[in-house]
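Novice: First the structure, which I've put down as structure tokens, then a few questions once you've had a look.
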Amino acid sequence: MKFITPLLIGVLMLSTNSFAHNKGINMPQLSVQLWSVKDEVKADFKGTLKQLAEMGFSGVEFANEFGEFSDDAKGIRSVLDELGLKGSGAHISFEQLNDKNFNSTVKFYQTLGVEILIVPWDDRAWHPEGIDEVVSLLNSLSKKLAPLGMKTGFHNHEHEFNDFKGMTYWDYLAKNTFQEVVLQQDVGWTTYAGKDPIEYVKRYPGRTLTTHYKVRLPEGTQGKLPIIGQDTIDWLNLSKANIAVGGTLWFVVEQEEYPNGLTPLEAVKQSKMGLDKILKQL
């Protein structure tokens with residue numbers, strides 16, 4: 001297992017502080033988690049992706065729904081190429097990467113140009129008798145995927161921030177998985193759990209290759225909306241940390257709530273516009 005040295009952490013932290021003076025950094029690209037518009041994707045995959053491309057997204061993160069292109073990897077890739085989109089990643093289950101399904105799953109996503117396969121949910125990840133199995137599975141998959149130029153990772157909800165062995169389950173997972181295992185932080189759930197998403201990027205340098213930019217307002221929050229830029233999250237400094245410390249390649253907008261009667265696509269567009277304004281300040 002590889003570890004980040006204290007010296008490297010110091011260098012990375014310094015680069016965060018001097019961020020405003022470094023305009024030559026590599027900006028992450030913007031993607032959208034297709035779960036945000038799952039019904040639209042199911043009804044009209046190509047038409048929905050066309051609208052997302054027109055909003056200015058560079059990529060999409062897949063969520064096991066392909067509409068009229070179900071099981072047609074070449075067809076999906078043609079749509080991506082036609083619209084100028086990339087597959088920033090995919091959410092898949094451990095079952096899809098078990099010994100029986102590994103080869104077919106990998107081939108499918110290789111055709112799409114997807115290199116990061118994220119497990120989005122597994123209730124063993126916050127169970128004292130299950131977390132070690134999740135860690136073992138992630139490490140094993142990381143070894144299998146590495147020769148193929150692919151990575152695996154895990155995505156948090158609020159449960160992973162429950163206390164466990166003097167830390168949280170998320171910390172335990174991070175400390176016991178290989179450096180190559182992606183820690184896909186869902187910012188909405190991190191803040192909902194009462195944790196600081198910026199701290200968690202800095203705590204595990206180089207491992208936040210993709211980040212879910214989502215708002216999940218704590219109950220009782222007044223005067224705010226679950227739309228990026230209309231909420232309570234310090235997106236600007238989070239983005240600086242992701243770039244300087246997290247090694248982030250993709251900011252992935254995810255929308256699970258649609259306030260004020262907005263359609264899913266309209267809500268995604270508003271969050272995209274809010275994020276664009278924030279990123280212009282970098």
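Any read-out appearing in this document is the output of simple, stated calculations on the displayed coordinates, not a laboratory observation. Note that the coordinates shown come from a computational prediction; the quantities given were computed from them, not determined experimentally. Note that we place each Cβ from the backbone using ideal geometry, even for glycine, and neighbour counts take in every protein chain shown.
Novice: Looking at THR190 and the list (1) surrounded by fewer than 17 Cβ atoms within 10 Å (Cβ to Cβ); (2) over 15 Å from GLU133 (Cα atoms), which single condition is not satisfied?
Specialist: Going through (1) surrounded by fewer than 17 Cβ atoms within 10 Å (Cβ to Cβ); (2) over 15 Å from GLU133 (Cα atoms) one by one, THR190 breaks only (1).
Novice: Quick one: in the stretch 213-234, which of the residues that are in contact with a Gly (Cβ under 7 Å, 6 or more places away or on another chain) and either crowded, with 19+ Cβ neighbours inside 10 Å or of a type in the set (S, T, N, Q) (or both) is farthest from GLN281 (Cα to Cα)?
Specialist: ARG216
Novice: So which of THR208, THR248, THR168, THR177 ends up being of a type in the set (S, T, N, Q), closer than 24 Å to VAL114 by Cα and more than 15 Å from the chain's Cα centre (by Cα)?
Specialist: THR177
Novice: Taking only the stretch 109-146 into account, find how many residues are closer than 21 Å to GLU61 by Cβ, surrounded by 19 or more Cβ atoms within 10 Å (Cβ to Cβ) and among the β-branched types (Val, Ile, Thr).
Specialist: Total satisfying the criteria: 5.
Novice: On to the next question. I'm checking my understanding of the structure. Among residues of the stretch 93-138 that are in contact with a strand residue (DSSP E or B) (Cβ under 9 Å, 6 or more places away or on another chain) and of a type in the set (S, T, N, Q), which one is nearest to PHE164 (Cα to Cα)?
Specialist: This residue is SER93.
Novice: If you don't mind, there's one more thing I want to ask. Is it the case, given these coordinates, that ALA90 is small (Gly, Ala, Ser), crowded, with 19+ Cβ neighbours inside 10 Å and under 30 Å from GLY274 (Cβ atoms)?
Specialist: yes
Novice: Give me the pairs: first residue in the stretch 149-171 and surrounded by 23 or more Cβ atoms within 10 Å (Cβ to Cβ), second residue of a type in the set (Phe, Trp, Tyr), beta-carbon distance under 6 Å, and six or more apart or on different chains, which are they?
Specialist: That search, which allows pairs on different chains as well, returns ASN156/TRP170; ASN156/TRP189; GLU160/TRP126; GLU160/TYR169; GLU160/TRP170; TYR169/TRP126; TRP170/PHE161.
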